[in-house]
Amino acid sequence: ATKSSGAGALIYDSNHDVSSQQSLTFASELKSAVETNQLALYLQPKIDLGTGHVIGAEALIRWNHPQKGLIYPDSFIPFAEQSGNINKISMWMLAEVARFSGEWQHEHHLPAPVIAINLSARDLVDHLLPNKIQEMLTANKLSNHAISLEITESSIMDDPKRALNTLNVLSDMGLKLSIDDFGTGYSSLSYLKNLPVSELKIDKSFVLNMENDKADVNIIRSTVDLGHNLGLKVVAEGIENQNVWTALEGLGCDFGQGYFISKPMPADQFGKWLESWTA
Ligand code: C2E
Ligand code: CA
Ligand code: CA
Ligand code: CA
C-alpha cells in the first residue's frame, strides 16, 4: 500500500498489506498515544433483557488523536494486531479498567459492574497474560470477578492449544469468559464444547436487521438454544430499538447491549448514566 506518512498511515486498509514504513510510523504513533494518554476507555452498559437491570459493561477503546480527532477501534486494532502492537493496547486497557474499577470500589464502597475486556489472538498465546491480569487486579484491590474477558472464535483458532491453555488458567482464576462475534468466524462446535466459557455473544450483524430478516431471527433462535443447551448465558449486541429488545427477550436471549440502551460513553460518564437508568 502506498499512503502518506504520518497520521494518514494509521487508517487500516484491509485490501493491502501494511508496508514496513507504515508499520514503523504506526508503531511510533501508537507508542506516543499510549505514553501521552491519547487512548480512552469507553463503556457500554450490558443489561438483563428481562428486568432491565444493568449487569455489567463492555470496555471499548477509542483513540483521541491530536490531529484526526476521535478514531474508532476498527481503524487501528486490526493494524495493531498485524504489526505486533496489540499487546501494548491490551495492557493499557487492562490497567485502565482495573484503575477505573478500583476507584469506583473505593468511592462507592461497592464493586463496580463487571467490565468485559476484548482480547486478541496474540494476547491468548502470551503465557504471562494470567499473571499480568492477576497483578493488575491485586494492585487495585479488586476481586477476580471485577472483569470478564471476550474472545472471538477466530482468535482461539489461531493457536488453539495455547489459547485453550491460557483460557483454562484464566477460568481457574475465576474470570468469566465470553465467546464474542459468535457465528461470524469459522465456528468449531467441538472446540466450543471444551472451552471454559460461560457466555455467547451474538454479533450485531444478526441483530441490526432482525426485524426485516426472518433468517436472522432463526439464526438468533438457534444460537440462544445452542447456548442454553450448553449451559451458557446468551448476550445480543446491536439493540437499536424497543422492538428488537422485545423480540430478543421473546427468543429467550438473556442479556443485551445496544444504542437503544446506551451508546458507548467515556468511562467517567458511566456513574451518572447508571443513576439515570430506570428500565
Ligand atoms: P465488538 O467487540 O463486537 O464490540 C461491539 C461493537 O458494536 C462496538 O463497536 C460497539 O460500539 C458497537 N455497537 C454496540 N451497540 C451497537 C448498536 O446498537 N448499533 C451499532 N450499529 N453498533 C453497536 P466499536 O466500539 O467501534 O468497536 C469495534 C470493535 O473493535 C469491537 O467489536 C472489538 O472487536 C474491537 N475493540 C474495541 N475495543 C477493543 C479493545 O480494547 N481491544 C481489542 N482487542 N479490541 C477492541
Ligand atoms: Ca466484544
Ligand atoms: Ca469483535
Ligand atoms: Ca460484535
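The values are calculated or read from the model by the stated rules, or taken from the named source; none is laboratory data. As the structure is a computational prediction, the values presented were derived from the model and not from experiment. In this analysis, Cβ positions are derived from the backbone assuming ideal geometry, glycine residues included, and neighbour counts consider all displayed protein chains. Ligands, DNA and RNA are stripped out before the accessible areas are found, and what is left, the full protein with its side chains, is counted by its heavy atoms. Shrake-Rupley method; radii C 1.70, N 1.55, O 1.52, S 1.80 Å.
A few remarks follow.
- Working note: Cα gyration tensor of the stretch 69-203, eigenvalues times five, square-rooted, sorted largest first, giving semi-axes of 24, 18, 14 Å.
- Distance from the stretch 42-79 to the stretch 149-184 (C-alpha centre basis), Å: 20 Å
- Accessible surface of the chain [probe 1.4 Å, protein heavy atoms]: carbon and sulfur percent: 50 percent
- Extension gain (nm, one decimal) between Asp158 and Asp225, 0.36 nm per residue minus Cα-Cα: 21.4 nm
- At 1.567 mPa s and 4 °C, Stokes diffusion of the chain via Kirkwood alpha-carbon radius, µm² per second: 66 µm²/s
- Whole-Hz ³J(HN,Hα) from phi, Karplus 6.51 cos²θ - 1.76 cosθ + 1.60, for the stretch 136-146, glycine and proline x: 5, 5, 4, 4, 9, 6, 9, 7, 6, 8, 5
- Cα-derived Rg over Rh, computed across the stretch 183-267 with Rh taken as Kirkwood radius: 0.98
- Under 5 Å, built H, 5+ apart or other chain: amide partners of Lys233: Glu199, Leu200
- Top positive-direction residue, dipole computed over the stretch 68-127 with Cβ charges, set Phe76, Val97, Ile117: Phe76
- Calculated FRET efficiency for the pair Ala27/Asn165, C-beta based, R₀ 30 Å, to 0.05: 0.60
- Lysines whose Cα lies under 17 Å from that of Lys88, excluding same-chain neighbours fewer than 8 positions away: Lys31, Lys132
- Two-site label geometry, Lys263 and Lys132: point separation in nm, points 7 Å out along Cα→Cβ: 3.1 nm
- Per residue, in Å², the accessible surface of the stretch 52-97 once ligands and nucleic acids are set aside, probe 1.4 Å: 39 Å²
- The label-point distance for His145 and Asn212, in a model that sets each label 7 Å from Cα toward Cβ, rounds to 4.3 nm.
- Built amide H within the under 5 Å cut-off of Val114, gap 5+: Ala57
- For q = 0.21 Å⁻¹, Debye-computed log10 I/I(0) when each Cα of the stretch 162-205 counts as one equal scatterer: -0.72
- Karplus-derived 3J(HN,Hα) values for the stretch 52-64, using 6.51 cos²θ - 1.76 cosθ + 1.60 with θ = phi - 60°, are x, 5, 6, 10, x, 8, 9, 7, 10, 8, 9, 10, 7 Hz; glycine and proline are entered as x.
- For the stretch 272-279, putting each phi into the Karplus relation 6.51 cos²θ - 1.76 cosθ + 1.60 with θ = phi - 60° gives couplings of 5, 4, 4, 5, 8, 7, 9, 9 Hz, in residue order, rounded to whole numbers and with x for Gly and Pro.
- Here is how the number arises for the chain: DSSP H runs of 4 or more residues each give -39500 (n - 2.57), the sum is divided by the residue count, and the result at 222 nm is -12500 deg cm²/dmol.
- Taking the DSSP beta bridges with both ends in the chain, the antiparallel portion is around 40 percent.
- Estimated FRET transfer efficiency (His65, Trp277; beta-carbon r; R0 30 Å; 0.05): 0.45
- For Ile71, nonlocal amide neighbours, meaning residues 5 or more places apart or on other chains whose placed amide H falls under 5 Å from its own, are Trp63, Asn64, His65.
- Solvent-accessible area per residue, Å², over the stretch 124-279 with all protein chains present [probe radius 1.4 Å]: 50 Å²
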